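Enquirer: Mind having a look at this structure? Questions to follow.
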Amino acid sequence: MLPDQTRTKATTNTHRGSSLINPHGLTEREVEVLRLVAQGLSDAQIAQALVISPRTVNAHLRSICSKLNITSRNAATHFALEQHLI
């Protein structure tokens, strides 16, 4: 494969992956938080796993809820399951 073709293929794969990973405009970090919420972790456990503060986890959750128009962790878990994020 030629170098130009390799770059094009890598770019295509990256773009394709990001659209599948980030449904409904969620950032990569929000998807990470959502996956951990769906696995039943608390804010403190998520904070420890991602090496961020619990307040930052809460901010991500507020953003997730706003973007998905949901109001609970249960609804977030349901969304994650429907989107095959876990």
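The values are calculated or read from the model by the stated rules, or taken from the named source; none is laboratory data. Note that the structure is a prediction, hence the values are computed from the model and not measured. So basically every Cβ, Gly included, is an ideal-geometry build from the backbone, and we count neighbours across all protein chains shown.
Enquirer: Which of the residues belonging to the range 21-39 are of a type in the set (Gly, Ala, Ser) and either modelled with pLDDT of 95 or more or over 21 Å from Ala75 (Cβ atoms) (or both)? Working first, answer last.
Expert: Of the residues in the range 21-39, the ones of a type in the set (Gly, Ala, Ser) are 25, 38.
Result: Ala38, single match.
Enquirer: Could you check how many residues of the range 41-57 are within 19 Å of Glu28 (Cβ to Cβ) and outside any helix (DSSP H, G or I)?
Expert: Residues meeting the conditions: 4.
Enquirer: Among the residues of the range 2-10, is any acidic (Asp, Glu), exposed (fewer than 10 other Cβ atoms within 10 Å of the Cβ) and at pLDDT below 70? First the steps, then the outcome.
Expert: Going through the range 2-10, the residues acidic (Asp, Glu) turn out to be 4.
Those still in the list that are exposed (fewer than 10 other Cβ atoms within 10 Å of the Cβ) too: 4.
Narrowing the set further to residues that are at pLDDT below 70 leaves 4.
Within the range 2-10 (the criterion being acidic (Asp, Glu), exposed (fewer than 10 other Cβ atoms within 10 Å of the Cβ) and at pLDDT below 70), the answer is yes, since at least one residue qualifies.
Enquirer: Let me ask something additional. With respect to His60, is the statement that it is within 14 Å of the chain's Cα centre (by Cα) and at pLDDT below 95 true?
Expert: Working: within 14 Å of the chain's Cα centre (by Cα): yes; at pLDDT below 95: no.
For His60, the condition - within 14 Å of the chain's Cα centre (by Cα) and at pLDDT below 95 - is not met.
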